[in-house]
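Contents: one structure, followed by commentary.
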Amino acid sequence: MAAGADAVAVAGDRIALVGPTRDVVRNSGAAEPIDADGASVFAGFQDAHAHPSHAGVDLGRCTLDDIDDRSGLVAAVADYASRRPAEPWILGSGWGMDAFPGGVATAAELDSVVSDRPVFLMNRDGHGAWVNSLALEIAGIDAHTPDPPDGRIERNAAGEPIGTLHEGAADLVGRLAPPVSAAEREAGILRAQEYLFSLGVTGWQDAWVTRGDHEAYLAVAGRGELVAHVTGALWWDRGRGLDQVDELVDRRTSRGRYTARTVKIMLDGVCENFTAAMLDPYVGRPREAEHPTGLTFVDEPVLTAAVIELDRAGFQVHFHALGDRAVRMALDALAGARTANGPSNGRHHLAHLQLVDPTDVALFAPLGAVANIQPLWAHEDGYQRDLTIPYLGPERSARQYPFGELHRAGARLAIGSDWSVSTPNPFEILHVAVTRTHPDAPGVPPLGPDQALSWDDAIEAATLGAAYVCHRDTTSGTIEIGKDADLVVADRNVRVDDEPWATRVVATIVGGRVVHEG
Ligand SMILES: [Zn+2]
């Protein structure tokens, strides 16, 4: 909010006046002033990378997000299963790899509580599944099953599956689970919307929109039930080639507050299971390393041709690029698109950016590539201590999530949560962005403190920056006269030195309408 302004007046769905309370009250006329006395008002937060369509469905299933220990996880699965005796499969998500030695969850632990029905539980970051023995049996996975090209089956010394399936290997079981119905998807989106409004999030880019999700968004948008502004990133099928571009063009559409003109290309995986694509090999791996520099899911020539084609067709490309080799592939492909097509307003963006080679940091700005960052991950925790730092080595570990460097090099930043991988609470995310520590871990040293962002830069990335990647920066993202009245009233005058994570949202307003009151 502009300096000295502590009140905002709304007329219809737009911001009519911004200024000191007394001026706004005196001059607002028919407009309704919001007096933020003693509190603070922010432009509605926008989430540049989240999975609300999937997270909303998950909220209705076996959710394990808040449980950090093995026995608690197993007990929660047992409890869920006992309360749903008629469900043919136990489906859920949210367990953390750091609850298990080496990040490997076992079928035996699940068998001890559910053995009569298949269990399929995606982990917190969506890059692996924990399954029971019946699920392995139904999928025909045994010692003779080869790893799929885009994934890995965790095995014991005899080669038998243990119960954790990484990346594409999870699909071997997941594809057999009952499909999510259209009604479940639509209910999931609305459940997600309600939850995000309670946190002050008024719009988002959904980073993985399948055909079913797309139809569900169109349905709720068509009925006027989608109040948040949503950009849908249509999923690039990495098993196919350029033949899918025409289909994506056919699906490109806008209805109500839903717009789908983005394509999501997932280039690599994550560090914790050695599937992030690295320029240099992982170090100190305990097992025979099959892919010493991780995995890439799209071949480079196909990627470059696809990005050129999508850019030319007027799409925005949203990359999952976590390792430094994946980041370089994305930047190379964007450079190819600029050479082939000239300038575009695609506002292409790279999400995650756990490692960026120093020579690549400076390429974001000239290529117009937006750094889509998830600051909540940039602190030291069990994932870092046990599953990441030992395998990256000290030099790479110290430069993880180089958000400060990217900002100083002129890269435009947009903040996303990657919910349900981690919380979509903007104040918790902003806290880590500026401190590189997590409020739950007092005394733990900051992770790369020179990569911290200033409070103002972090707020801008969570509002205007995210609006920019959703092509909504001319109508939202700041509190300015004439912009959409998408506003968040917080319960305090938030300051960096005052534990921003503890901030609560008192009211969320979208288009001048109160959508949440806390
Ligand atoms: Zn994601």
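Derivation of every value follows stated rules applied to the coordinates shown; laboratory data play no part. Just so it is clear, the model here is predicted, and its values are computed rather than measured. Every residue, glycine as well, gets a Cβ built from its backbone with ideal geometry; the counts of neighbours run over all protein chains shown.
Worth a mention:
- Cα gyration tensor shape of the range 359-426, rounded if a/c is under 1.5, else prolate or oblate by comparing a/b with b/c: oblate
- For the range 434-507: rounded, prolate or oblate by the Cα gyration tensor [a/c cutoff 1.5]: oblate
- Cα gyration tensor category, rounded, prolate or oblate, for the range 378-518 with a/c compared to 1.5: prolate
- Axis angle, to the nearest 10 degrees, between helix 426-435 and the longest C-alpha principal axis of the chain: 80 degrees.
- Of the GluC sites (Glu not before Pro) in the range 228-311, the ones in a loop by DSSP (not H, G, I, E or B) with at most 12 other beta carbons within 10 Å are GLU288, GLU290.
- Acute angle (nearest 10 degrees) that the helix 324-341 long axis makes with the longest principal axis of the chain, alpha-carbon atoms: 60
- Among the trypsin sites (Lys or Arg not before Pro) in the range 178-233, those placed in a DSSP loop whose Cβ has at most 12 other Cβ atoms within 10 Å are ARG223.
- Full extension of the chain segment joining ALA157 with ARG117 gains 11.7 nm, where the gain is 0.36 nm per residue of separation less the Cα-Cα distance.
- 222 nm mean residue ellipticity, helices alone, for the chain (DSSP H n ≥ 4; -39,500 (n - 2.57); rounded to 500): -8000 deg cm²/dmol
- Seen against the Cα atoms of the chain and their longest principal axis, helix 70-83 is set at about 80 degrees.
- Stokes-Einstein diffusion coefficient of the chain, Kirkwood radius over Cα pairs, 4 °C, 1.567 mPa s, in µm²/s: 55
- Between ALA362 and ARG223, full extension at 0.36 nm per residue minus the direct alpha carbon distance yields a gain of 45.6 nm.
- Neighbour-count ranking [beta-carbon atoms within 10 angstrom, fewest first] of LEU196, LEU447: LEU447, LEU196
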